Amino acid sequence: MNITIKATNHELPLSMRELIEEKFSALEKFAGDGALTCEIEQSIAVERAGAKYHAEGNLSLQGKLFRAEAESSTLEGAVDRVRDDLVREVQNSQGKKRGFVRRGGAALKRMLRFGR
C-alpha cells in the first residue's frame, strides 16, 4: 500500500504521520492482489462551528477512485472520519458488484426452470 501524506499550512509531527499510516493500513484488506494508493491531505481550516482541522482522502483501488472529506476540532477526529467514509464507500461498491452477480445468477436459474 502506498500512502502519501501532505500537510498544508502547518508542520505535521512524525508521531501524527505514524498514527495516520496506522489508521489507513486497515484499508489494505480491500486491495486483495491489486495495488492500493492512498493520498491524505491535512490542513488547518478557518474555524467554522468548532472545526479547526480539515482532512481529505483519495483512495485508488482497482481503477476506481474513492474520495472523502471531513472537518473536526482535532486532527485525529478528522482522519478517523475520512477513513470511515472511505471504508464505507469501498464496502458499498463491493456490495453492488456482488448484488449484480447474484441477480444475474437468479435470472439464469429462472430461465433454466422454464421448461418444467
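The values are calculated or read from the model by the stated rules, or taken from the named source; none is laboratory data. Just so you know, these numbers come straight off a predicted model, no measurement behind them. Virtual Cβ from ideal backbone geometry, glycine too; neighbours counted across all protein chains shown.
On the stretch given as segment 39-65, residues that are within 21 Å of GLY95 (Cα to Cα) and either of a type outside the set (Lys, Arg) or at pLDDT below 80 (or both) total 7. Scanning segment 52-80 for residues that are farther than 20 Å from ASN2 by Cα, free of Cβ contacts under 8 Å to residues at least 40 places away in the same chain and touching a strand residue (DSSP E or B) at 6+ places or on another chain (Cβ under 7 Å) yields a count of 9. Pairing each residue of segment 93-116 that is farther than 29 Å from LEU61 by Cβ with any residue that is among the basic types (Lys, Arg), provided the two are 6+ apart or on different chains, yields no C-beta distance under 9 Å. Taking segment 61-74 as the range and being buried (at least 16 other Cβ atoms within 10 Å of the Cβ) and either of a type in the set (D, E, K, R) or touching a His at 6+ places or on another chain (Cβ under 9 Å) (or both) as the test, the residues that pass are ALA70, GLU71, SER72. Beta carbons closer than 6 Å, at least 6 apart along the sequence or on distinct chains, pair a first residue in segment 4-33 that is loosely packed, with under 14 Cβ neighbours inside 10 Å with a second that is of a type outside the set (Lys, Arg) and not in a loop (DSSP other than H, G, I, E, B) for THR4/GLU39; LYS6/GLU41; THR8/SER43; ASN9/SER43; ASN9/ILE44; HIS10/ILE44.
Comparison of LEU14, LEU86 shows that the only residue that is modelled with pLDDT of 80 or more, aliphatic (A, V, I, L, M) and out of contact with any strand residue (DSSP E or B) (no Cβ under 9 Å at 6 or more places or on another chain) is LEU14.
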